[in-house]
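The values are calculated or read from the model by the stated rules, or taken from the named source; none is laboratory data. Keep in mind that what you see is a predicted model, and the values were worked out from it rather than measured. Positions of Cβ are backbone-derived with ideal geometry, glycine not excepted, and every protein chain shown enters the neighbour counts. Ligands, DNA and RNA are excluded from the accessible area calculation, which covers all protein heavy atoms including side chains. Shrake-Rupley method; radii C 1.70, N 1.55, O 1.52, S 1.80 Å.
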Amino acid sequence: MTHLDAHPKAAFPAEDSRNDRPANPNPFPCPTRDPWEALRRRTFARIALGRAGGSQRTASVLEFRLAHARARDAVHARFEAEAIAAQFAESGLATERLAAAVSDRPTFLMRPDLGRRLAEASRETLRRRALEWGARDLVILVSDGHSANAALRHAAPTIVPLANTLRAEGWTLYPILLIPFARVKLQDEVGALLHARHALMFLGERPGLSASDSLGAYFTWRPDPACTDADRNCVSNIRAEGTPPAAAARKLAWLLLESARLGIGGVALKDDQIPAALPAQTESASLPGIDEENRRDFAVDPS
Amino acid sequence: MIFPCSLSVGARRYVFSSLKELMAKASPLRSGDVLAGVAAESAEERVAAQQCLADAPLAHFLEEPLIPYETDAVTRLILDTHDRAAFAPVADLTVGAFRDWLLCYETDAAALAALAPGLTPEMAAAVAKLMSNQDLILVASKCRVVTAFRNTIGLPGRLSVRLQPNHPADDAKGIAASILDGLLYGCGDAVIGINPATDSVPSMETLLRLIDELIRRYEIPTQSCVLAHVTTALEVIERGAPVDLVFQSVAGTEAANASFGVTLPLLAEARDAARSLRRGTVGENVMYFETGQGSALSANAHHGVDMQTCEARAYAVARQFEPLLVNTVVGFIGPEYLYDGKQILRAGIEDHCAAKLLGLPMGCDICYTNHAEADQNDMDNLLTLLGVAGCTYIMGVPGADDIALGYQSTSFHDSHYLRQVLGLKPAPEFEAWLEKMQIVAGGNRLLPTLPSHALLAP
């Protein structure tokens, strides 16, 4: 007598209720559940899925398909610039809309080089605005990157408290630049054009199966087109279940203030002195190959 | 053969200035070659290039290196180790005639094994560019490459699986849970191989001891690997850790390997160090390499050579060190290199065929990321094609979802699909263990597992 001899309904409680039938005459133990389901407490890997023959059961196939569908929708979702601008306007923060040298999703995905440059018209606009605005301390950029939902949900909740903190410290900020289809490195060209001291880019990270709305934040001190990823600092996985926006704002404020105080950025700026009040588990390394996301040697979450 | 070479198609005349340009333009379309600016500019130019390439003598590849001998250690390795006697049977053929030769009934496993040392990666890459998908599958299926450590990999009618129990925090209990899951699903004969979240000596040692303890406790005829950098592996060997296989990502140019922090002498040192431990019981293939189209390009170290050719050159690096396992991580690289399921699929069977021609025990991490135009059905397609092609091993990831590396690969269940549909079995030593442990019967049918199963004992 094994657990498999049990009545199929007993073997498949709540989870398979959609297949509920008064009596299943099938005498074969198929599909089967795995008697090591308790091990699931130890990892969120998809273990003990059970099987139909040697294949996955309907429930686990559909669960996986749903997770992937959500990630795909996130990758292809439209950047809601109007809605994001309205969120900032509510808090009294001005925005300006610009364009990268790419304007459609397939080209964005295939040509990372274009997402690292401004469109010619936007470059001209920014040159003119630079004269009006004058040199300031910090330019903040917001883009969809690989997840428009990340920008829509977490950019303003992170940026508003961050801007308040920095202004209280006497920092001057440019209007927030909203730029669809951007890559991290675009912050260097924009920052250099404006003569900003710091450039801070927020953009959606590549969606995973478990989270499709993680926001990443990257900044450079003295942004310049010659900057590399070694010159960047990063706070990643900004979302409620990861680094919550308020915590990300505190951490970024601390890193930016330290960067300004010490006159350094990138790998030279360590976060090991970070005050205990800040969440220690968040990532804020300067990462190797932020845009060269695909090297398996570095399992970095790309932007 | 003299460059520039040209071909007239109707009113158009296509001119190719070098073998390097011809190879790149003859390559089936993929986004990475477009990104690099080396792809054909039209579908017609691509076929014109293939027609010119079909007329190129194989011997010409020995005279015109795509990356100069003087500047690249991989080119030197390729030319210095080329076996002219082995090359003799095809020495007078053009690339097009070589394709026909490969497809002949008379060209069997023995002929292909004898030829392998006489082939350069560029020759294998060139003929693959002319081959249709079915050619790549047929020719690969005729190749036989067998390697061994604690079991025998690559025998006819066998399909092995790397058990990949990754965890984003290297949590020992989480990793152990995924290993048990994989073993109870009959997977793990290629290797139990962990991509560590942290590449450090202490974490590599901890993970190695975890797998070693499992392998010894249950007398599992398989090998372990923690896929840290080769220098980390050398350090833990020095400290007496139980290292079975040494892993390294390798690429097809000296500069790309430098970006991975490796040189050929360093790889030789690692192989010798691992062999000196004498931990293999039925063989001494101690290296595990991963490759993937686009790695040289992403390191800006491709010298204008197309992705597939750079990839094939990585196999020259791999074969120098007599690996137990090699696999391309085909769809990990992202859509700017391989855009969709079609491009990933083509790259997967190209890589498998070229590597087998060069004599490597080639497997494949059949995979994709969420920003690629691909899904699990595309992986099913590639999985099936590679199974028919005689792929040495695939990955086994719980539910196909790698929670540490954030991409999707193949599941333990996927290997059962393939074993069922093609009648494939695990490595013989591992098959015997699975039957002894009452996990599998008849080579590929999973038995019901009792809660009292030995592997589930606390």
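Brief remarks on what is shown
- In region A:160-176 there is at least one residue that is more than 24 Å from A:A101 (Cα to Cα), in a loop (DSSP other than H, G, I, E, B), among the charged types (D, E, K, R) and away from chain B (no Cβ under 14 Å).
- Among the residues of region B:6-19, those that are under 22 Å from B:A125 (Cβ atoms) and touching an Asp or Glu at 6+ places or on another chain (Cβ under 8 Å) comprise B:Y14, B:S18, B:L19.
- Scanning region B:418-430 for residues that are without any contact (Cβ under 8 Å) to a residue 40 or more places away in the chain and either within 19 Å of the chain's Cα centre (by Cα) or within 9 Å of chain A (Cβ to nearest Cβ) (or both) turns up just one, B:Q420.
- Failed criterion for B:F87 (all others in (1) open to solvent by less than 50 Å² (accessible area, probe 1.4 Å); (2) part of a helix (DSSP H, G or I); (3) more than 23 Å from B:A116 (Cβ to Cβ); (4) more than 14 Å from chain A (Cβ to nearest Cβ) hold): (3)
- Matching entry among A:A77, A:A81 (being within 14 Å of chain B (Cβ to nearest Cβ) and of a type outside the set (D, E)): A:A77
- Of all residues in region B:418-458, those that are within 16 Å of B:G157 (Cβ to Cβ), of a type in the set (A, V, I, L, M) and open to solvent by less than 70 Å² (accessible area, probe 1.4 Å) total 7.
- Look at (1) open to solvent by 10 Å² or more (accessible area, probe 1.4 Å); (2) closer than 22 Å to A:A83 by Cα; (3) touching a residue at least 40 places away in the same chain (Cβ under 8 Å) and you find that A:G204 fails only one, number (1).
- Members of region B:195-224 that are surrounded by fewer than 22 Cβ atoms within 10 Å (Cβ to Cβ) and polar (S, T, N, Q): B:T198, B:S200, B:S203, B:T206
- Options A:P180, A:P207: the member that is part of a loop (DSSP other than H, G, I, E, B) and more than 24 Å from A:A89 (Cβ to Cβ): A:P207
- Within region A:84-120, being open to solvent by less than 20 Å² (accessible area, probe 1.4 Å), closer than 22 Å to A:T228 by Cβ and either away from chain B (no Cβ under 14 Å) or touching a strand residue (DSSP E or B) at 6+ places or on another chain (Cβ under 7 Å) (or both) holds for A:A100, A:G115, A:L118.
- Single condition B:V230 does not satisfy, out of (1) farther than 24 Å from B:P428 by Cα; (2) in contact with a helix residue (DSSP H, G or I) (Cβ under 6 Å, 6 or more places away or on another chain); (3) open to solvent by 20 Å² or more (accessible area, probe 1.4 Å): (3)
- When region B:435-447 is filtered for residues that are away from chain A (no Cβ under 13 Å) and not in a loop (DSSP other than H, G, I, E, B), the ones remaining, listed by number, are B:E435, B:K436.
- Residue count for region A:29-62, restricted to those that are of a type in the set (S, T, Y) and more than 17 Å from B:N377 (Cα to Cα): 2
- Residue that is nearest to B:Y288 (Cα to Cα), among those in region B:153-171 that are in contact with a helix residue (DSSP H, G or I) (Cβ under 7 Å, 6 or more places away or on another chain) and at the interface with chain A (Cβ under 9 Å from one of its Cβ atoms): B:P165
- Among the residues of region A:205-238, the one identified as away from every other protein chain (no Cβ under 13 Å) and on the phi > 0 side of the Ramachandran plot is A:R222.
- Test: residue in region A:64-72 that is more than 9 Å from chain B (Cβ to nearest Cβ), surrounded by fewer than 18 Cβ atoms within 10 Å (Cβ to Cβ) and more than 28 Å from B:D402 (Cβ to Cβ): no
- Selection status of A:L126, buried (at least 18 other Cβ atoms within 10 Å of the Cβ) and under 23 Å from the mean Cα position of the chain (by Cα): no
- Helices (runs of 4 or more DSSP H) enclosed by region B:218-286 - at least 2 residues per element that are more than 14 Å from chain A (Cβ to nearest Cβ) and either closer than 23 Å to B:N151 by Cα or not hydrophobic (A, V, I, L, M, F, W, C) (or both): B:230-238, B:264-276
- Inside region A:237-263, residues that are within 10 Å of A:T158 (Cα to Cα) and acidic (D, E) make up a count of 0.
- Out of B:D181, B:D170, one residue alone is among the acidic types (D, E) and in a loop (DSSP other than H, G, I, E, B). It is B:D170.
- Restricted to helices (runs of 4 or more DSSP H) entirely inside region B:298-417, those with at least 2 residues that are open to solvent by 10 Å² or more (accessible area, probe 1.4 Å), closer than 28 Å to A:S147 by Cα and more than 8 Å from chain A (Cβ to nearest Cβ) are B:341-357, B:376-389.
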